[in-house]
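*Asks:* Once you've had a glance at the structure underneath, I'll fire off some questions.
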Amino acid sequence: MTIGPYNFLDPWVLIGLGAIPLYLVYYFLFSSKRRGKVKSSTYHATPTSPSFWLHIPTFLYMAGLFFLIFALARPQMDTESESYIEQYAEGIDIMIAFDVSGSMLATDFKPNRLEASKEVAKEFVKGRKNDRIGLVVYEGESFTQCPLTTDKSVLLNLFDEVETGMIEGGTAIGMGLATAVNRLRESDARSRVIILLTDGVNTHGKIHPVSAAEIASEFGIRVYTIGVGTNGKARSPVALDFAGNYIYDYVDVEIDEKTLESIADITDGRYFRATDKNSLSEVYLEIDKLEKDKINTVEYEIDVPEEFYPFAFLGLLLFMIGLFLQKVIFRTTP
């Protein structure tokens with residue numbers, strides 16, 4: 001509660017102030033009846049008459065009571081800010097290794113695995129405010145689509161440009177992971193993470209996925225692996241017609257989950273399986289929780305002294321003055 005320049009730690013005590021005007025009303029009514037018994041046609045309680053000065057001790061008592069109640073409510077000087085917090089965020093370096101092979105055009109995710117995975121990954125990027133994030137894409141080979149950056153708009157634009165057929169066909173999981181590791185190995189971030197997404201089996205590349213995982217482990221890089229695809233069969237592109245359009249057929253969904261689990265185990269990460277866009281979003285949310293920014297918080301508090309003693313002293317002083325006037329100055333004898 002604030003009154004004027006003061007905050008009160010125990011504002012409920014101020015309820016006692018209501019007794020002061022009630023007592024004054026009672027006091028003057030009682031005094032009026034006593035004055036009515038005085039047989040004098042010239043009686044007037046003017047500031048110059050003796051009867052007026054006799055009321056001064058009462059006013060001093062009430063003023064003293066006012067300041068004592070005020071003091072008991074524990075007033076403090078009102079300040080705009082009694083504390084402030086300083087925060088320092090330590091970001092995390094994250095590389096996303098993204099499978100763009102032809103099977104990512106399967107339509108078990110809407111509109112297909114590739115576009116659904118891009119949309120979910122972009123939402124993840126938008127939520128990582130203090131991190132540097134980069135992007136590696138791979139098919140039969142791999143390359144860095146975007147190096148580590150804090151400029152999320154650049155990264156999001158480069159995500160939009162990702163499509164199947166950018167490089168040689170195939171699925172080089174080991175190469176994609178190794179390229180991501182190479183981008184992180186010289187990072188001095190407190191936490192270095194790779195999110196490896198694929199919908200298939202390693203078929204190309206000179207580096208086996210497990211070997212790339214062991215290299216990541218040597219550099220203290222944690223890898224979260226994501227297998228994308230429904231259980232059973234999925235409508236997938238199997239060939240091209242004469243016009244260059246994909247011919248689709250239902251094929252078995254084959255994900256090398258054993259290898260993806262091994263990669264995660266070796267690097268102290270986790271393996272996730274996403275069978276639709278919603279579950280893929282949940283995977284990224286889980287990774288987001290696992291890799292929260294480290295926030296160092298220091299709180300400074302301003303010591304605001306209570307104003308109890310000045311008001312208590314003033315209240316007692318008024319009481320003593322009132323008592324002195326009543327017992328010494330205005331003392332009457334029968």
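The values are calculated or read from the model by the stated rules, or taken from the named source; none is laboratory data. Because the structure is predicted, anything quoted here is derived from the model rather than measured. Cβ coordinates were reconstructed from backbone atoms using ideal geometry, including for glycine residues, and neighbour counts include every protein chain displayed.
*Asks:* How about segment 135-155: which of its residues are within 20 Å of Glu119 (Cβ to Cβ) and aliphatic (A, V, I, L, M)?
*Replies:* Leu135, Val136, Val137, Val154, Leu155
*Asks:* Oh, and also: Counting only residues that are modelled with pLDDT of 90 or more, assigned to a loop (DSSP other than H, G, I, E, B) and touching a strand residue (DSSP E or B) at 6+ places or on another chain (Cβ under 7 Å), which one in segment 220-251 is surrounded by the fewest Cβ atoms within 10 Å (Cβ to Cβ)?
*Replies:* Among those residues, the one meeting the criterion is Gly220.
*Asks:* Let me ask something else. Every residue in segment 258-274 that is assigned to a loop (DSSP other than H, G, I, E, B), buried (at least 17 other Cβ atoms within 10 Å of the Cβ) and not small (Gly, Ala, Ser), please.
*Replies:* Selection gives Thr267, Arg270.
*Asks:* Among the listed residues Leu65, Leu14, Leu22, Leu60, which satisfies the condition of being surrounded by fewer than 10 Cβ atoms within 10 Å (Cβ to Cβ), assigned to a helix (DSSP H, G or I) and modelled with pLDDT of 65 or more?
*Replies:* Leu22
*Asks:* Another question, then. Would you mention how many residues in segment 137-193 are in contact (Cβ under 8 Å) with a residue 24 or more places away in the chain and of a type in the set (Asp, Glu)?
*Replies:* 5
*Asks:* Turning to a different aspect of this structure: Identify all residues within segment 107-141 that are of a type in the set (Gly, Ala, Ser) and modelled with pLDDT of 95 or more; write none if there are none.
*Replies:* Selection gives Ala116, Ser117, Ala121, Gly134.
*Asks:* Turning to a different aspect of this structure: Considering segment 159-179 alone, what residues qualify as being hydrophobic (A, V, I, L, M, F, W, C), more than 21 Å from Ser217 (Cα to Cα) and surrounded by 16 or more Cβ atoms within 10 Å (Cβ to Cβ)?
*Replies:* The answer is Phe159, Val162, Ile167.
*Asks:* Something else now. Out of the residues in segment 134-154 that are in contact with a Ser or Thr (Cβ under 7 Å, 6 or more places away or on another chain) and under 9 Å from Ile96 (Cβ atoms), which is surrounded by the fewest Cβ atoms within 10 Å (Cβ to Cβ)?
*Replies:* Filtering segment 134-154 for residues that are in contact with a Ser or Thr (Cβ under 7 Å, 6 or more places away or on another chain) and under 9 Å from Ile96 (Cβ atoms), the one surrounded by the fewest Cβ atoms within 10 Å (Cβ to Cβ) comes out as Gly134.
*Asks:* Read through the list (1) out of contact with any Phe, Trp or Tyr (no Cβ under 6 Å at 6 or more places or on another chain); (2) among the aliphatic types (A, V, I, L, M); (3) over 30 Å from Glu119 (Cβ atoms); (4) modelled with pLDDT of 70 or more, then give the number of the only condition that Leu285 fails.
*Replies:* In the conditions (1) out of contact with any Phe, Trp or Tyr (no Cβ under 6 Å at 6 or more places or on another chain); (2) among the aliphatic types (A, V, I, L, M); (3) over 30 Å from Glu119 (Cβ atoms); (4) modelled with pLDDT of 70 or more, Leu285 misses (3) alone.
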